[in-house]
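To start, the structure under review is shown below, and the notes come after it.
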């Protein structure tokens, strides 16, 4: 899922004065570091590390940790060709249903400049903690 990770960094890297090879090497290094972090802090199981498929084709990834009192969306990312089609909305709504049924909060860390912030707000996620570059957002059933 390195391609999914790289696609989430495209806008940021477009501003870097690097060659395509340098950008690819940077993305590989960052992806490996992220994967090591996730495997260390959110190992599967108990966390789920799922590939999102659309018509049998990999479209993204969804990592969810259910080990704490809150359900934590560790990572949700879609390849550009699959963004804006409602896939993320449906996945998050399913997680909201799960959280509601279990009487648990659903949380996610979001970079402040992430365009998906509008989606999270529309689905009722609210900021509960400012972590510098990230906001910790949470959803609770009414």
Report task. Could you check, for the stretch 68-91, whether at least one of its residues is surrounded by 12 or more Cβ atoms within 10 Å (Cβ to Cβ), under 13 Å from the mean Cα position of the chain (by Cα) and free of Cβ contacts under 8 Å to residues at least 12 places away in the same chain? Result -> yes
Report summary line: Just one listed residue, out of 99, 81, 85, 142, is within 21 Å of residue 44 (Cβ to Cβ), out of contact with any helix residue (DSSP H, G or I) (no Cβ under 7 Å at 6 or more places or on another chain) and outside any strand (DSSP E or B), and it is 99
Query raised in the report: Can you tell me which residues in the stretch 105-115 are surrounded by 18 or more Cβ atoms within 10 Å (Cβ to Cβ) and out of contact with any helix residue (DSSP H, G or I) (no Cβ under 6 Å at 6 or more places or on another chain)?
Result: 107, 108
Query raised in the report: Right, residue 64: loosely packed, with under 12 Cβ neighbours inside 10 Å, at pLDDT 90 or above and touching a strand residue (DSSP E or B) at 6+ places or on another chain (Cβ under 8 Å) or not?
Result: no
**Report entry** Subset of the stretch 1-49 (residues that are surrounded by 15 or more Cβ atoms within 10 Å (Cβ to Cβ), touching a strand residue (DSSP E or B) at 6+ places or on another chain (Cβ under 7 Å) and either over 21 Å from residue 72 (Cα atoms) or without any contact (Cβ under 8 Å) to a residue 24 or more places away in the chain (or both))
**Finding:** 49
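The values are calculated or read from the model by the stated rules, or taken from the named source; none is laboratory data. Quick caveat: nothing in here was measured; it's all calculated off a predicted structure. Please note: Cβ atoms are built from the backbone with ideal geometry, for glycine as well, and neighbour counts cover all protein chains shown.
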